[in-house]
1. For a distance above 27 Å, tell me the whole-number percent of Cα pairs in the stretch 145-301 that qualify.
2. Just the Kirkwood number for the stretch 580-626, please: inverse of mean 1/r across all distinct Cα pairs, in Å, one decimal.
3. Output the direction-averaged projected area (hull surface divided by four) of the convex hull of the alpha-carbon atoms of the stretch 139-199, in nm².
4. Using mean Cβ contacts within 10 Å as the protection proxy, how do 728-735, 223-230 order, highest first?
5. Would you compute, from DSSP H runs of 4+ residues alone, the mean residue ellipticity of the chain at 222 nm, taking -39500 (n - 2.57) per run and dividing by the full residue count, rounded to the nearest 500?
6. For a quick check: with amide H placed at 1.01 Å from N, whose amide H comes under 5 Å from S213's, ignoring anything fewer than 5 positions away on the same chain?
7. Given the pairs K218/K239; K585/K721; K721/K748; K287/K748; K218/K240, which are separated by over 20 angstrom at their Cα positions?
8. Thinking of the stretch 350-447 as a set of Cα atoms, what percent of all their pairs are more than 20 Å apart?
Amino acid sequence: MSKKIIFSNILFLLFAVTIAVHGQSGQVTGYVYEVEPHRDHHHVHPLAGANVVWLGTTSGTSTNQEGSFQLPVTVELPHEMVVSYIGYQSDTIMVNTPDENLAIVLDVAQNLDEVEVTGRRPGTHVSSLEPILTNVITESEMQRAACCNLSEAFETSVSVDVSYSDAVSGAQQIQMLGLAGIYSQLMIENMPGIRGLGQPFGLSYIPGPWMESISISKGAASVVNGYESVTGQINVDLKKPEGPEQFHYNAFVSQDGQLESSAIAAFDLNPDWSAMIMAHGELFNNKIDHNQNTFLDQPLVKKYNILNRYRYDRPGVMDSQFGFNLMQEEREGGQKDFFTNGEPFGSDRFYGYGTSTTRFQAFARTGFYFQNKPDASLGTQLNFTHHSHDSHYGRSTYGGEQNTFYANVLFASTLRNSEHEFVTGVSFLFDDHNEHLTNLGGHAMDSLLERRELVPGAFLEYTYHSHEQLTLVLAARADYHNLYGMFFTPRTHIHFNLNEHTTLRASAGKGYRVPSLIAENAGLLVSNRTFVFSEEIDPEEAWNYGGSITRRFRLFANDASVVGEFYRTDFVNQLVVDVDSDFNKVFFYNLDGDSYANNFQVELNVEPIRLLEITAAIRYTDAKQSIDDELRRKPFVNRYRGMVSSSYATRDNDWQFDLTAQFNGPSRIPEVPGSMLHMHEDFKMRTESPSFTILNAQVTYRWRNIDIYAGGENLLDYVQKNPILNPQSPFEEGFDGSMIWGPLMGRKFYMGIRYAIER
């Protein structure tokens, strides 16, 4: 019996045995925040992830990124409600009637002997109430590093790896659960974010100062957001017009001359309408070749990015947000002499790289509420994305255009009482996707790279909340793909509080995705390989299952926690990108055999002394794939990775010191066939990368509304030796800049300034 049939039967049986329990209807809503005194003024900060629980039960919820919550009434009123957050004093509120709206202020923990504030707002947290294991990276955590864009927001997280895809273009990619980031659904405020042609440089499209928080959920994700998630979801929440900041400015400069600047302004148009404008610019124009391999160490970049959004809010009736985003980017790189001699792209004399990208997005989200049914809501999500680019890689040209329209309609309510909740709805995806590549022989391959997808779908997600310990989520969605037929996606999540300090989670589910053949492997264009498509490529299909245990305890008289987790991904079909069989070619074909990834991780969070936070984590990954009829370790996946991150702030919060060490284990490098062993010894390839350590540090000084920060990245100055093979002859056999396993940039120092005005 197949896994699909077994899982479907289990799903049906769990639905069939669910027992309806009577209770009191209605819900309590509210907002949890802190008021931070700072010399002669106060900052108001929402507390995302605060626990809100009915006293004496485990029935509760947690606050969202804006600090707001909706708590179903599962007890007889009046009843006390407990609000808690790590590092803050808990508060108990008496709730007398349903449908109350509360504003709750939590105070940081205090040292009673000195009567001084000694708590800190945590940078990351895991809610004990969410059924899916979700790590939330807040704005304060992102500010512990330069965080110029999304790629740098994961520097203090061991769950997500970020690396360069090649040594010329500056394109970056992520890995999660031992697999490439393309298997993690990257969302922006729960709508499609970076996908398809945006993959190579998409992490740089979201400026760090724009982000309010990042939620990383592992394993099978919610079916509400589609069928594409395999290893999890990364959801980015941007700053909003109704947020605490009225104005924000950030300026950044590095020792090599990288300049970045962001400005954000929010304003109220009238009591119902508010708006926000975000602007970002980036410039790097220095031609640097520290390793003297004739190629620029990093590409020249010129980027403009603007986002304009609006919010309309009628409490109890509806709220709506809509806006647009426009980005233009120019990248150039290659051999230094390409620029010195003013060569045109496509030159036979010197290798030149260039990409021109235009990206436009428009979005709208609306929620409707019902006066006679406060536990029900209707929501719509609309998103349109246009992405186009033209690229030159030496003598090869690569371009593409993608137009995507996404619509999602959701209805959420309860069944008989608030212990039984459901979300159901329909969705539609239109994706007009075109890529064109001319390889070194000049042959066009357009026929394999053009498609138009139309995918209507429907979903149902049921959640059962036990009064005591259990939350059970049973979900499924069905999507009909005009090119590939029916996708059936079942998923389930179990959340169990073993006791007040220990939480168990388990999940299982399926995911599908249609790969973008060239965009997702654009790093291989920085080589003389010919792209060979052995057969028609089918959609990728995989199962993911696993679980975690979270334990909270007291250590050194402060709160501490440890999280242990294991996830496994099994592929039914996968696109195999074979760079092992022939050094001059890359083969694309469907999986014929096994492909899996096992991921073990343990993370400890502790505060050994007040105001000093330490996170230590270790991860082991076993990822293998059948390549050319042989089961091999997936290339460029570290066997293990560790991290120790510490942050200390003075009592008045004027100074903050951050230090992060990343320990990277060995990874497999595709072997060089015997015919290439005549190359110079310096350019022979290893079969396994060495282990290495990356050290980053930053110091921040705060004065009134101003933060001044300075820091260094890769302080140990470790770089991959000879990241480009045969760089002196970029148009001959042996040239390859895509075999990247380590850092490309040496020690880098930077400084910046942040200025913010709170409401």
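Computed from the coordinates by the stated procedures, all read-outs in this text should not be read as laboratory data. In this text, all values refer to a predicted model and were calculated from it rather than measured experimentally. Ideal geometry is used to build each Cβ from the backbone, glycine not excepted, and the neighbour counts take in all protein chains shown.
1. Working: 4033 of 12246 pairs.
Summing the P(r) tail past 27 Å for the stretch 145-301 gives 33 percent.
2. Working: mean 1/r = 0.0674 Å⁻¹.
One over the average 1/r among Cα pairs gives 14.8 Å for the stretch 580-626.
3. Details: hull surface 19.7 nm².
For the stretch 139-199, the mean projected area of the Cα convex hull comes to 4.9 nm².
4. Working: 728-735: 15.6, 223-230: 25.4.
Order by mean packing, descending: 223-230, 728-735.
5. Working: 3 runs with 24 residues, N = 759.
Helix contribution divided over all residues of the chain: -1000 deg cm²/dmol.
6. D237
7. Values: K218/K239 24 Å; K585/K721 24 Å; K721/K748 17 Å; K287/K748 16 Å; K218/K240 26 Å.
Going by Cα-Cα distance, K218/K239; K585/K721; K218/K240 fall outside the 20 Å limit.
8. Values: 2835 of 4753 pairs.
Cα-Cα pairs of the stretch 350-447 separated by over 20 Å account for 60 percent.
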